[in-house]
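Encoded as structure tokens, the structure appears first; notes follow it.
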Amino acid sequence: MSSPAEFYNSLPPISKAYGTLCFVATTAATLKLLPIYYIALMYEEVFYHLQVWRLLTNFIFLGPFSINFGIRLLMILRYGVQLENGPFNRRTADFLWMMIFGASTLLVLSAIPFFQSYFMGVSLVFMLLYVWSREFPNATINIYGLVQLKAFYLPWAMLAMDVIFGSPLGPDLCGILAGHLYYFLTVLHPLAGGRNILQTPMWLRKMVARYRIGAPANTQPQPGSNTSGVFRGRSYRVGG
């Protein structure tokens, strides 16, 4: 059995970095070392006082230490890691671009009063969950040992549970919308004969290669998935 240090070192770079930032931010906020006011998403502070860091820092706070925080962190460690090691294996730039696109979409959605939130980290984690559910639609998920269902339905089941336990509905819906928009533009639309208009920009590919983030990209095309059943994941694409 691997030690915690070995497990941590084995994590893929983007999921590891994001999970670490979320844990550090929560720890610092709990110890009163980081006033959460200064990392919250407040557009008036961004536009009138040029506190542009808020556009990023709001994504690394998942709430105070609690069961909900633990669940969100575990979602990063499970679904984010499985995505990065699976469909996005050797495609670190593409995975990072998905995160950037998702965060940008959530910033736009947060300007809508119904979705307005000071922290969009939960929404970003939910976006990862949604994309994972589309990539592994036929995986069987056991929720708290009570219910078994296909992974395709997991985001909606988690949303329903959050509603039952009194959590806000907006952050989960934001994540689902951002995840579906990404999946539609990069998978569903191209599979229907359309053009992929969400290509990972070359500057991001060069940056990832220059700093050797993750494993080198594959140069050979990957075989399409032949998943049986009602739902299908993506046909894996190189350079997608």
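The values are calculated or read from the model by the stated rules, or taken from the named source; none is laboratory data. Computed from a predicted structure; not experimentally measured. Cβ placement follows ideal geometry from the backbone for every residue including glycine, while neighbour counts extend to all protein chains displayed. Accessible surface is based on the protein model in full, side chains and every heavy atom, while ligands, DNA and RNA are left aside. Shrake-Rupley method; radii C 1.70, N 1.55, O 1.52, S 1.80 Å.
So, in the range 145-155, exactly how many residues are under 18 Å from PHE126 (Cα atoms) and without any contact (Cβ under 8 Å) to a residue 24 or more places away in the chain?
Of the residues in the range 145-155, 3 are under 18 Å from PHE126 (Cα atoms) and without any contact (Cβ under 8 Å) to a residue 24 or more places away in the chain.
Are there any pairs, at least 6 apart or on different chains, whose C-beta atoms fall under 8 Å, with the first in the range 106-121 and in a helix (DSSP H, G or I) and the second open to solvent by 80 Å² or more (accessible area, probe 1.4 Å), and if so, which?
Partner pairs satisfying both residue conditions: LEU109/LEU177.
Pairs under 7 Å by beta carbon, first residue within 21 Å of ILE14 (Cβ to Cβ) in the range 183-206, partner of a type outside the set (D, E, K, R) and in a loop (DSSP other than H, G, I, E, B), six or more apart or different chains?
LEU185/ILE197; LEU185/LEU198; THR186/ASN196; THR186/LEU198; THR186/GLY240; ASN196/GLY240
Can you list residue pairs whose Cβ atoms sit under 9 Å apart, with the first residue in the range 159-180 being at negative phi and open to solvent by less than 20 Å² (accessible area, probe 1.4 Å) and the second being at pLDDT 90 or above and of a type in the set (Asp, Glu)? Count only pairs 6 or more apart in sequence or on different chains.
Note: pairs meeting the criteria are ASP162/ASP172.
Looking only at residues in the range 1-28 that are among the β-branched types (Val, Ile, Thr) and surrounded by fewer than 16 Cβ atoms within 10 Å (Cβ to Cβ), which one is modelled with the lowest pLDDT?
Looking at residues that are among the β-branched types (Val, Ile, Thr) and surrounded by fewer than 16 Cβ atoms within 10 Å (Cβ to Cβ), I get THR27.
When you look at LEU96, is it among the hydrophobic types (A, V, I, L, M, F, W, C), open to solvent by 20 Å² or more (accessible area, probe 1.4 Å), out of contact with any Phe, Trp or Tyr (no Cβ under 8 Å at 6 or more places or on another chain) and at pLDDT 95 or above, yes or no?
Against the criterion (among the hydrophobic types (A, V, I, L, M, F, W, C), open to solvent by 20 Å² or more (accessible area, probe 1.4 Å), out of contact with any Phe, Trp or Tyr (no Cβ under 8 Å at 6 or more places or on another chain) and at pLDDT 95 or above), LEU96 qualifies.
Taking ALA139 as the residue in question, decide whether it is surrounded by fewer than 14 Cβ atoms within 10 Å (Cβ to Cβ), at pLDDT below 95 and over 25 Å from SER104 (Cα atoms).
Considered against the rule, which asks whether it is surrounded by fewer than 14 Cβ atoms within 10 Å (Cβ to Cβ), at pLDDT below 95 and over 25 Å from SER104 (Cα atoms), ALA139 comes out as no.
Can you name every residue in the range 144-158 that is in a helix (DSSP H, G or I), of a type in the set (Phe, Trp, Tyr) and surrounded by fewer than 18 Cβ atoms within 10 Å (Cβ to Cβ)?
TYR153, TRP156
Would you mention how many residues in the range 28-86 are assigned to a helix (DSSP H, G or I), without any contact (Cβ under 8 Å) to a residue 12 or more places away in the chain and under 29 Å from THR140 (Cα atoms)?
Number satisfying all stated conditions: 5.
Restricting attention to the range 29-54, which residues are at pLDDT 95 or above, open to solvent by less than 50 Å² (accessible area, probe 1.4 Å) and of a type outside the set (D, E, K, R)?
Listed by number, the residues that qualify are ILE39, ALA40, LEU41, MET42, VAL46, GLN51.
Only one residue in ILE176, ILE141 is β-branched (Val, Ile, Thr) and either assigned to a loop (DSSP other than H, G, I, E, B) or closer than 18 Å to VAL81 by Cβ (or both). Which one?
Unique residue meeting the criteria: ILE141.
Restricting the range 182-207 to residues that are modelled with pLDDT of 95 or more and touching a helix residue (DSSP H, G or I) at 6+ places or on another chain (Cβ under 6 Å), which is most open to solvent (accessible area, probe 1.4 Å)?
ARG205
Kindly indicate whether PHE61 is open to solvent by 40 Å² or more (accessible area, probe 1.4 Å) and among the aromatic types (Phe, Trp, Tyr).
no
Out of curiosity, is ARG72 closer than 16 Å to GLY175 by Cβ and surrounded by fewer than 15 Cβ atoms within 10 Å (Cβ to Cβ)?
no
Exactly one of (1) under 14 Å from ILE14 (Cα atoms); (2) surrounded by 21 or more Cβ atoms within 10 Å (Cβ to Cβ); (3) of a type outside the set (Asp, Glu) is unmet by LEU77. Its number?
(2)
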